[in-house]
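All remarks here apply to the structure that follows.
The values are calculated or read from the model by the stated rules, or taken from the named source; none is laboratory data. Computed from a predicted model, the values in this text were never measured in an experiment. Ideal geometry is used to build each Cβ from the backbone, glycine not excepted, and the neighbour counts take in all protein chains shown. Side chains included, ligands, DNA and RNA excluded: accessible areas come from the protein's heavy atoms. Shrake-Rupley method; radii C 1.70, N 1.55, O 1.52, S 1.80 Å.
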Amino acid sequence: MTTSLSPSSAGASGRLPRIAVLATGGTIAGSAPDATNTAGYQAGVIGVAQLLAAVPGLDAIAAIHAEQVASIDSKDMSLALWSTLAQRVNALLASDDIDGVVITHGTDTLEETAYFLQLCVKSAKPCVLTAAMRPASALSADGPLNLLNAVTLAASGAAAGQGVLVAFNNRIHCARDVAKFSTYAVDAFQSPEIGALGWVQDGRVEFQRKALRPHTVDTPFAAAQVWPQVDIVVSYAGVSRVAVDALVAAGVRGLVIAGTGNGSIHGAVQTALAEAAAQGVAVVRASRVGSGHVMHNGAAKDDALGFVSAGTLSPYKARVLLLLALAAGTSGKEALQRVFDTY
Ligand code: SIN
């Protein structure tokens, strides 16, 4: 479904920026039986036209082209929908009629979709994701302001060339760094250790720093039609090797281990993973901690065991990069480590 909002006024150039808003569902499009209900709602039931209608002043910022790409709770995000989304974003941004894209999304897997697009979007034009923690029906719903800020950011010249961005609760986050850190708080997203890139406040966009890792047009990655199986396993007290063995038996091509602390792994799982690596499964060592980095620990450990270290990527983002690298035909521990050291 597509909708267009006509601008009520034009900027100094005589033409408003033309922003495509792609809706995928989420709490931002959620509805509950009453306004104080922020837990028992259904995500992804409100259409994009209604989302846009709830944002006063949008038509003075941009000429909006809107599409309903999906209507899901983002816990159900799929690799097929990621491919569809990447193709649609790339097609829109390749058009002379569109200056930037905003994607409305659920908060639960937003950080994964954002990093996927950071690696697969092939344009320097702005691409901004936003979401909400409270459903559209709630008192003090946060969706309308987040959407207004996302469109303001996408329409600003400042967002061009900055990679895929997340506009949330007045902050601008880099897709690679951002993660959800709260189950209910409206300030749910942080970029741990590194911090936000800037903010959007009262219509003003301000960047304080840039992302340094190559992104968008400077990566070799593309959305695939057929994906290798890549899964995440976790290390914890008393864990067994059953999950790793079952995944290897199921034909998994890549495994990310969400290790304890600095990526340490319970002995039983480490042995199972080393055996998997010896059989050709790509094994990436990340941490379940939520911030900090996992350093390559050299000859005695990663090299001997056949593991790649994830650096600052969370297990969920390490899985995204491993999926894309394997889909692009990258193989071997050294080549994969270079990918992780670069992107
Ligand atoms: C979802 O991720 O779709 C539901 C939760 C949310 O958007 O906050």
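Please work out the Kirkwood hydrodynamic radius for the stretch 122-228, using every pair of different C-alpha atoms, and report it in angstroms with one decimal place.
Answer for the stretch 122-228: a Kirkwood hydrodynamic radius of 14.6 Å.
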Dmax and Rg, reported as Rg then Dmax, of the stretch 230-342 (C-alpha, Å): 12.3, 36
Derived scalar couplings ³J(HN,Hα) [the stretch 114-124; Karplus, 6.51 cos²θ - 1.76 cosθ + 1.60; whole Hz; x for Gly, Pro]: 4, 6, 4, 5, 4, 9, 10, 6, 10, 7, 8
The stretch 1-147 shape via C-alpha gyration tensor axes, a/c threshold 1.5: oblate
Among Leu58, Thr152, Val164 the positive-end extreme of the charge dipole of the chain (Cβ point charges): Val164
Mean shadow area of the stretch 159-301 over all directions, Cα convex hull, nm²: 11.6 nm²
The stretch 237-343 - percent of accessible surface contributed by carbon and sulfur, probe 1.4 Å: 54 percent
Net charge of neighbours whose Cβ lies under 15 Å from the Cβ of Thr24, counting Lys and Arg as +1 and Asp and Glu as -1: -4
Rounded to 10°, Cα long-axis angle of helix 333-342 versus longest principal axis of the chain: 30 degrees
Separation between Cα centres of the stretch 30-56 and the stretch 295-343, rounded to whole Å: 40 Å
Convex hull volume per residue for the chain, taking Cα atoms only, in Å³: 131 Å³
Neighbourhood net charge (12 Å Cβ-Cβ; Lys/Arg +1, Asp/Glu -1) for Gly157: 0
Hits among lysines - C-alpha to C-alpha of Lys333 under 28 Å, sequence gap 8 or more where chains match: Lys122, Lys301, Lys317
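Quick check: net charge around Ser74, other residues with Cβ under 12 Å of its Cβ, Lys/Arg +1 and Asp/Glu -1?
That works out to -3.
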Per-residue [θ]222 nm for the chain (sum of -39500 (n - 2.57) over DSSP H runs n ≥ 4, rounded to 500): -8000 deg cm²/dmol
Pair Gln87, Ser291: separation of 7 Å Cα→Cβ label points (nm): 4.0 nm
Sequence-distant residues sharing a close amide H with Val128 (under 5 Å, placed H): Val101, Val102, Ile103, Leu165
Values of log10 I(q)/I(0), in the order q = 0.33 Å⁻¹, for the stretch 303-343 under a Debye, Cα-only, solvent-free model: -1.28
